[in-house]
Amino acid sequence: MDVDVKTEIKEEIQDITDEVVYPPPPQQPSSSNTNSQNGCNEREFKYSNVREEPMEQDSSITEEIVRALTPPLRERTRSRSRTRERSVGLQGEFEAILNIEIEAKTIDKTKPGDDAAYKHCVYYMNDFEQPQLSTSARQRISKQFGYKKYALEAFESGHHVFFSSDDFQDRKTISSYVLRKTMAEYQSPSSVYIITRNESIAHERCRELSVLQSSVFLIPFGIDLQNIPFHRCYVSTIETFRTFYLQFPGYFNKDDVFIFEDFQYFSNPDIGHFYEEALLLPPACGQFVFLTSQISNADELSKWFCKNDKDALCKNDYKNSRPVECITVLKRSFTLNHFITRQYESSMGQVVDKDGKFQEIPFTGATKVTVMSLKSDVKKSGIDRQPQIVKLVRTVLFRIQPPLLIYSLDTEDIENTVNLLNQMNFNSEQEQFLIDKIYSSEMNRLSKDDSMLKEVQNLLPFLQRGIAPYHYGMFSFLRKIVKMLFSKNLIKIFVADNALLMETNIQFNAAIILRDRYMIELGYYRWIKPNEYKAICERIQGKTLSDTQTPLIILINGDEDMPIDVAKDIFTNNIPSLESQLQITPSIILTVIQSPILDENAIIEKSFARYKKIENGKKVNFELREKSRQLEDFPLDEDEKLERYQILKDKTESLKSDLRKEKFIPPRIKQFMDLGRIVKIKINSLDFGYCIIVDRSGDSIDAIMNVTKESYEAEDDKVLRPAEIGLKNKMGIFRARIVDVTVVTQHRLAIPKTLQSDEEFNTVFKLLKAHINNLLGEVPELEINHLNITDAQIIAKNEDIKRREKELCELRETIPNFKENYQRYEEKQKLSKVVTDLETLFESAQCNDENDEQEKVLRMLGQYDYFDDKKENLKDRAEFAMNLPVKENVLLTELFFESYFDGLSLKETLFILSTFIDMEITLEEPKLIPDQQKIFDDFTNGRVQKFASRLRKSLLIKSALPYILSFNATLFDFIDIWCRRHPFNASMAHTDIRSGFVATYLVRLHKLLVRIKAKSHLLPPHPDSEIDWKERFHELDVLIARDIPFCTV
């Protein structure tokens, strides 16, 4: 019979033991408290004189979690002498490294009193005299304002320049000044190389410069040395520059100038390694200008480059090396106002003051939950969403002039927001007519079928209103049209994702960020990262002399309360540091072998990662000496007995854990899965702590569990996560298997069979928590006699545990002042762990792991004929692999050279090549037709493993197989129709992927086919003499490269 939990549960709650009530066992530390922090977990026995301070928590979070007090990790196998011996040995090895390293000298040129606004340092390897600037140079520089003047003076002095500032206009001014100055020296043979992050930016910069300069050339990837015409200005992507320079280092002239316009992408996971590889040994005698947004480690990068620049000139004689002047602007020349508002609310709070300090009171007031925020129908139906977006846009545009950026990482969110703004119009009739004329003109490039695509038809009305979506799900052709319209001041509002940040340098006067949390995968969310927030802030330009309006950025808080520490980190601690992205891969090894100026040792020795480890080792050295001395002098009584006590205790806990696995097996515990039984559950290796049984059906149980709110809302038991402190948690009834039960207790709670409201669940949870606390954190579990176990081995283990527990009690009695001494012992173990961690960190400066990985890759490539015995010349396999624009280029090369493609048809070849193409989205697994499914399964599950086994390339296949298997064959149906020369619109009817993603996939596949064609002469001849590899892949390319995905503006 169901009971009203609101009125009766508090009165009826009681502990019900099984048939016999046994006296409580001695209060020993919990046997299952190994790092469990979820649900309602047990606590260790607490001594009466030990006070536990409560943790500060948000008052809105009612689900308090009982944590286990886990003892610190212990290192008991090494004696004091061994610890001291290892530390001394490590310090000796590190000092040998430092003796080889030559440290850059430093001059601080920061003006007194301005150290809070900027930093200006000069790093150099040899003494130098500051040259006197010419009169014309001083006059040119005097026309500039702000801290960029110091960068221009450094350039005029012939020094390398590292300028870090969030002011995009300052960075652009420096780049333009350097370009004009170098181009104006007609008698000098030097040229300017402008290096950008990707092809989109390179083409954009080339078009801009071509209007101002006649001698501008865009360097394509893979260009031959003889085919480069002489120009005074070259534009290149960082990948192209790195490849060309390492292959032809002698091409560059003395005093050539290299401008890295977006050096902040040094730490980008996809392209960052190209920057580092290009600077391992930079062009000798060249002058470098690095322009980056504000970063926290500009000085480290300057010192690293100064050292590598010296090595590029000469290992012993570096008198001609240039100093590096590093200017870091710490404050913007304008104030950027930061606001936050709650979703479905109308109030905003300014969370950062003019001094850059976080304001907690406005933040709390702006994100508090009101009646409007709690309406579930509002959240589900979108009621009042449109007025809120419209009000925000109107509020922003009342304070500042367009353009405005509305940012989100969710493609659907972008399109929904564009639709919500459909009643707003920011363009005049004349501007609308001009947009229609430009758009119609560009549409004439499309076929009749492509022009009827809904993506093409639906975009024009929004563009005429001055509103433009911009995301990866759009055709690149349409994104280019949007950029062109913006350059003519016809677009006032951008609703965009990360594509805008990667493909353009567009600046805005304000920004609205639609979401503060993003779903990583089903049931898993994360807050917006500080560096992501900063990347958007960088796109907000400051006020000028003609524009006195203050720019602003608004972050919309969703339906989850943002913790104060997360908010502070986002708004005030968002200055990133650039980290090394260099990895030891077959591609970098082959690139270095091919380069005439590098050897394989330079990869690690000259990397920024090694430089940082050495610098960090210097800091750790002092702390390691201090902690080692403290550990040796640590006073502790009864050291040996405490050591024996801890070993015995750990062994006892291990035996208890093993015994539980044998005791609590499904056949034995099924009869105890009754209503109200308190059990412990572990699902997919996640410990949910104490739970309450509600019902049992066969081998499944329903239990009340405490989980995170976001995993609860996913409505999928496969992604459930235990409750965590700091997150919103929620009680609910979830399905589990009896085999997931790890502990069955002796106690049951009197609860109703059905629970409806959150209030009822919370009441049950509070009572369970109170019950556990009354038992000092541990509910007695069922013993052997309760389970009627007669197995002699299990009984023997149980007796052994009791004997050990008795021995522990006796050992405690022999140790004077056990509580105090044991606490001291734990403190010593913590200190010992700190010393071990410091030693590990100290040891990492020697890069032993990186050296081992490099040796493995070298052995693998050498064994399978990628280069000669002297490691000086590459063979055909290596040249072919280096040309492929895919991550697993070596695996694909092996497939070609081992005749894997010889027996495949054109369609099969295309399917296999598709598995090597990266996609921006995670695709759902489709239902393939039998023939296609057989091809895919045969390759991923059969032939690759056989291929790997036959060639024994375990290292290669180990990393390659997960990559291939992760490819979702969603595009196979589309490819099949597309290769039959059907229109794009008809082909898209066979897939639910967005057209922009499909078009990007086709462009990347086309790029791969072009690269394969270019190096097809390196492949072994086809067994059929009538088949030519170049013609074969040209035929494939003709099938792929057509219609709207390859249309250009």
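The values are calculated or read from the model by the stated rules, or taken from the named source; none is laboratory data. Just so you know, these numbers come straight off a predicted model, no measurement behind them. Please note: Cβ atoms are built from the backbone with ideal geometry, for glycine as well, and neighbour counts cover all protein chains shown. Accessible surface areas use protein heavy atoms only, side chains included; no ligands, DNA or RNA. Shrake-Rupley method; radii C 1.70, N 1.55, O 1.52, S 1.80 Å.
Could you tell me which of rounded, prolate or oblate describes segment 451-517, using a ≥ b ≥ c as the square roots of the eigenvalues of the alpha-carbon gyration tensor, with rounded for a/c under 1.5 and, failing that, prolate when a/b is larger than b/c and oblate otherwise?
The shape class here is prolate.
Calculated FRET efficiency, SER136 and SER1025, Cβ-Cβ r, R0 51 Å, to nearest 0.05?
0.15
Tell me, in nm to one decimal, what length is gained between SER451 and ARG625 on full extension, where the rule is 0.36 nm per residue of separation less the Cα-Cα distance?
Using 0.36 nm per residue and subtracting the Cα-Cα distance, I get 55.4 nm.
Give me the lysines in straight-line cross-link reach of LYS109: C-alpha distance below 17 Å, same-chain residues under 8 apart excluded.
Counting by Cα, and skipping residues close in sequence, LYS109 has these lysines nearby: LYS119, LYS148, LYS149, LYS303.
Per-residue counts of other Cβ atoms within 10 Å, averaged by peptide: what ranking do you get for 774-785, 288-299, highest first?
Going by the mean number of other Cβ atoms within 10 Å, highest first, we get 288-299, 774-785.
Any chance you could check the Cα centroid distance between segment 840-858 and segment 206-276 for me, in angstrom?
Rounded to whole Å, the Cα centres lie 32 Å apart.
Filter the cross-link list LYS534/LYS830; LYS534/LYS709; LYS254/LYS856; LYS354/LYS709; LYS568/LYS830; LYS568/LYS730 down to pairs whose alpha-carbon distance in this structure exceeds 32 Å.
Checking Cα-Cα distances, LYS534/LYS830; LYS254/LYS856; LYS354/LYS709 exceed 32 Å.
Could you state how much accessible area HIS1034 has, in square angstrom rounded to the nearest 10, with a 1.4 Å probe and all protein chains kept in place?
The accessible area of HIS1034 comes to roughly 100 Å².
State the percentage of accessible surface on segment 534-690 attributable to carbon and sulfur atoms; use a 1.4 Å probe and exclude ligands, DNA and RNA.
47 percent
What accessible area per residue comes out for segment 553-681, rounded to a whole number of Å², with a 1.4 Å probe?
43 Å²
Which percent of the accessible heavy-atom area of segment 97-180 goes to carbon and sulfur, probe 1.4 angstrom?
Heavy-atom surface of segment 97-180 belonging to carbon and sulfur, 1.4 Å probe: 49 percent.
Expressed as a whole percentage, what fraction of the accessible surface of segment 807-929 belongs to carbon and sulfur atoms when a 1.4 Å probe is rolled over the protein heavy atoms?
44 percent
Arranged from highest to lowest average of other beta-carbon atoms within 10 Å per residue, in what order do the peptides 279-287, 910-918, 619-627, 814-822 appear?
Per-residue mean Cβ counts within 10 Å order the peptides as 279-287, 910-918, 619-627, 814-822.
Read phi for every residue in segment 247-261 and hand back ³J(HN,Hα) as whole Hz from Karplus 6.51 cos²θ - 1.76 cosθ + 1.60, θ = phi - 60°, with x for Gly and Pro.
For segment 247-261, the Karplus curve yields 8, 10, x, x, 5, 7, 8, 5, 6, 5, 10, 10, 10, 8, 7 Hz.
Name the shape class, rounded, prolate or oblate, that the alpha-carbon gyration tensor gives for segment 781-848, where a ≥ b ≥ c are the square roots of its eigenvalues, rounded holds for a/c under 1.5, and otherwise prolate holds if a/b is larger than b/c and oblate otherwise.
Oblate, because a/c is 1.5 or more while a/b does not exceed b/c.
Between ALA117 and LYS830, what is 0.36 nm times their sequence separation minus the Cα-Cα distance? Round to one decimal in nm.
252.6 nm
What is segment 575-714 by shape, rounded, prolate or oblate, if you read a ≥ b ≥ c off the alpha carbon gyration tensor as root eigenvalues and call it rounded for a/c under 1.5, prolate for a/b larger than b/c, and oblate otherwise?
oblate
Quick check for you: with a 1.4 Å probe and neighbouring chains kept, what is the accessible area per residue of segment 108-203, in Å²?
Computed with neighbouring chains in place, this is 48 Å² per residue.
At 1.4 Å probe size, put VAL192, VAL739 in order of accessible surface, largest to smallest.
VAL739, VAL192
What accessible area per residue comes out for segment 807-869, rounded to a whole number of Å², with a 1.4 Å probe?
The answer is 52 Å² per residue.
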